[in-house]
Amino acid sequence: MVYSMLTGPVAIVSHTFSPDLNGQSIVLSRLLEGIQNFVRISSDRFWRPHAIPGVIDERVATPWAIRKSRKLRFIEGAVFRLHVWHRAQGIERAIVRHRCSSVVACTGGDLVDLPAAIVAAEQSGVPCVLYYFDDYRSQWKIPNPAWSTKWMHRNGEGIEAEVLRKAAGVIVPNELSKIELTERVALPVTIIRNPVQLDLYEKLRATVNTREESPLRRWSIVYTGSIYEAQLDAVRNCARGLDLLRGRGIDATLHLFTAQSEASLFAKGIPASVQIHSMVTLQEASRIQCEADILLLPLAFETRYPELIRTSAPGKLGEYLASGRPILVHAPADSFLSRFAMDERWGLVCDTPNEVRIADSIEQMIRGPQLRMELVQGALDASQQFSEAVNREKFVRFLQASAPFPKSKPTPAMSA
């Protein structure tokens, strides 16, 4: 289905788009496929887009001179406002040039994007919807080389409050994010799942050979994606748990398909028994997921940003559910991921950061064919919530229902 967006194109502001292969760019690509007339506005000065028919690309990266001004820590508030002002001018020019009817501003690696998009939308007289891939307020608590930690902690909540006050609505990826956000604002908030192409996985599942059920054979546990602080200790726990299982007569290997190098992962405590593979294409990752014996879905237990871990919805979640493979969730008990897995019965949850407990969970899966069958069916049922078509339609309907933007006096930048 091809959608026509409101009375004009929609401007999407994000620090990342395809051909980048991170979760946010992939989600945006899947949501926007089949939508007529939208403008991608990237704040990444290194972005090199591939031309897509019907898609307009703009870059609004901050120039060198302004970036260097961030070293003036004693006037950080003024410097932040300067960044917001400059980026807002670029976004506003794109909105006016392409006659955009609304703006979608995405959270991500650059804290300037949301306030700049809000200012640009206000100056242009169009509504701005915020897309909370992660909780923006929590992102202000994560150390960032661009800004001092002290200044970020002091100003993050106030800047988010001003951004939310001027927004027309918010998109979140899961129920826990919605609950937490609705406690802070009285805005329309909708859940858009990170979408997946279900028919592709249905075809891939049909090509997978029948597996031997014996626990005495060699087993593969697979993770596809980046490994950084948000996953590291959970992946490490799983690997060490597998080492313990060899003493119980179970031969299982953890396979990581990731952009991180062997040297960097081994230096961070990943055991040498783990098989580390290079990052693969999206199509190849889908095939690997469908061929795995067990899929690992990890979230770290000890990080500098536990609030983000709690509300995280990994971009690969829908892919894992659609793969038809049993899923092992190793994540904190209060995280959305653990709660969703238990509520929908699609994954076995180990919510204790202990290598013996994770070994017990893996052994339970390997020795339990009935458990694996039940998990697979639960996952396939839950995957319907992640349909590309369903979530794309919800996305379009939410933008169409966004309230008209209030025509108040434009503000030059967010206060700080």
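Laboratory data are not the source of any read-out in this text; all were calculated from the coordinates shown. These numbers come from a predicted model, not from an experiment. Cβ atoms come from the backbone with ideal geometry, glycine included; neighbour counts cover every protein chain shown.
One table, with the values for the structure above:
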quantity	calculated
Simple spin-label estimate for E33 and W64 in nanometres, 7 Å along Cα-Cβ	4.0
Packing-based exposure ordering (other Cβ within 10 Å, fewest first) of E355, E92	E355, E92
Unit charges on C-beta of K, R, D, E only; dipole of segment 198-385, Debye	300
Förster radius 51 Å - calculated FRET efficiency between T7 and N354, Cβ distance, rounded to 0.05	0.35
20 °C / 1.002 mPa s Stokes-Einstein diffusion coefficient of segment 198-385, Kirkwood radius on C-alpha pairs, µm²/s	131
Computed FRET value (nearest 0.05) for A272 with Q89, which takes r as the C-beta separation and R₀ as 60 Å	0.70
DSSP-defined beta bridges in the chain - what % are antiparallel, rounded to 5	0
FRET efficiency, D251 to A146 (Cβ-Cβ, R0 56 Å, nearest 0.05)	0.75
Cα-Cα pairs of segment 116-214 separated by more than 19 Å (percent)	58
Longest DSSP-loop-exposure-free segment, trypsin sites (Lys or Arg not before Pro), the chain, at most 15 other Cβ within 10 Å	100-183
Distance-filtered residues of segment 165-209 - backbone nitrogen under 16 Å, label point 7 angstrom along E307 Cα→Cβ	165, 176-185
Label-point separation, S226 to E183 (7 Å along Cα→Cβ), nm	2.7
Estimated dipole of the chain in Debye, rounded to 20 [Cβ of Lys and Arg +1, of Asp and Glu -1, Cα centre]	1360
Of the chymotrypsin sites (Phe, Trp or Tyr not before Pro) in segment 301-354, those whose Cβ has at most 12 other Cβ within 10 Å and which sit in DSSP loop	none
Estimated distance in nm for a label pair at L21 and K71, the labels positioned 7 Å out from Cα along Cα-to-Cβ	3.5
